[in-house]
Amino acid sequence: MENISPIISYFINQGVPQETVVLLLTLPVIATFIAFLRQIVGIKAFGIYTPSIIIFAFLAIGLKYGISIFVSVIIIGMLVRYLLKKLRILYLPRVAITLTIVALAILGILVFGGSQQRTGLAAVSIFPLLIMITIVEKFVAAQIEKGNKTAIFLATETLVISFLGYFIAKWAVLIKLIVAYPWIILFTIPVNIFLGKWTGLRLIEYFRFREVLKKIQ
């Protein structure tokens, strides 16, 4: 890659893989993008950390397989919670059982992918899969605290954010800019300070309360 900053070159010469350096420097941009969607647009999702790690899981797995596994995890989690509802067991054992069943189901999906010559799916690394599987805990917690409808809505928003964030993380112009001028990620700090002081209506709220706003005007 051309125009590599001396700082990046130093990291690479010290044995840090270039891909790792780029991903870590991309993280502040991704986090700021998610903060913007939450504070200005009004998309909630499962916090800011969960979409961030899902984006990196998508980068490792690939968007097609990543979305497939994400949706599978959510659907299986919903079914398992419904089946366990009658047992009336405590939260942590319930989550443990759910994770167990989801893990087995994902293993089954990988085996099926291998049998169908989907080598990209069968060869998925364990760590991105673990990231995807842990979504279940967030989803189950949202189901218990806020109900099925809200949990599904949050999961959908998380998927949308992760989908958009994937393309930002893969954006060649951004990667080249970060590699050439890594110090530009510091600009995310004042941007986040601005977002943190935002007190206006979110874009979704303008749409939600459009009738009320028309009457006020």
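The values are calculated or read from the model by the stated rules, or taken from the named source; none is laboratory data. Every value quoted in this text rests on a predicted model; they were computed, and no experiment measured them. Every residue, glycine among them, receives a Cβ derived from its backbone with ideal geometry; neighbour counts consider all protein chains shown. These accessible areas exclude ligands, DNA and RNA; they are computed on the full protein's heavy atoms, side chains included. Shrake-Rupley method; radii C 1.70, N 1.55, O 1.52, S 1.80 Å.
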Inter-label distance, nm, simple model (7 Å from Cα along the C-beta direction), residue 203/residue 86: 4.6
Whole-number D in µm² s⁻¹ for the stretch 1-40, Kirkwood Cα-pair radius fed into Stokes-Einstein, 4 °C, 1.567 mPa s: 113
Theoretical gain in end-to-end length, residue 40 to residue 115 [0.36 nm per residue, Cα-Cα removed]: 22.5 nm
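On the protein heavy atoms, probe 1.4 angstrom, tell me the percent of accessible surface of the chain carried by carbon and sulfur. Don't skip to the answer; put the middle values down first.
Values: 9090 of 13250 Å².
Carbon with sulfur: 69 percent of the solvent-accessible area.
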Local electrostatic count at residue 99 - Lys and Arg +1, Asp and Glu -1, tallied over other residues with Cβ under 13 Å: +2
Trypsin sites (Lys or Arg not before Pro), loop per DSSP, at most 13 other Cβ atoms within 10 Å - longest free stretch of the chain: 89-196
Potential lengthening between residue 79 and residue 126 on full extension [0.36 nm per residue; Cα-Cα distance subtracted]: 14.6 nm
Candidates 16, 29, 73: whichever shows maximal mean-square fluctuation once the chain is modelled as a Gaussian network with Cα springs under 10 Å: 16
Stretch gain in nm, segment residue 3-residue 176, where the contour uses 0.36 nm per residue and the Cα spacing is subtracted: 61.5 nm
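Looking at the stretch 13-119, what % of the alpha carbon pairs are farther apart than 24 Å?
So the portion of pairs separated by more than 24 Å is 46 percent.
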Relative contact order [Cα under 8 Å, 6+ residues apart], the chain, whole percent: 38
Extent along principal axes [Cα atoms of the chain; Å; largest to smallest]: 60, 59, 31
Å² of accessible area per residue within the chain, as computed with a 1.4 Å probe and no ligands counted: 61
Net charge over other residues, Cβ less than 14 angstrom from the Cβ of residue 51 (K, R count +1; D, E count -1): +2
Computed over the stretch 29-127: relative contact order in percent, which uses C-alpha pairs under 8 Å that are six or more apart: 21
Structure-based [θ]222 nm, the chain - -39500 (n - 2.57) summed over DSSP H runs of at least 4, per residue, nearest 500: -24000 deg cm²/dmol
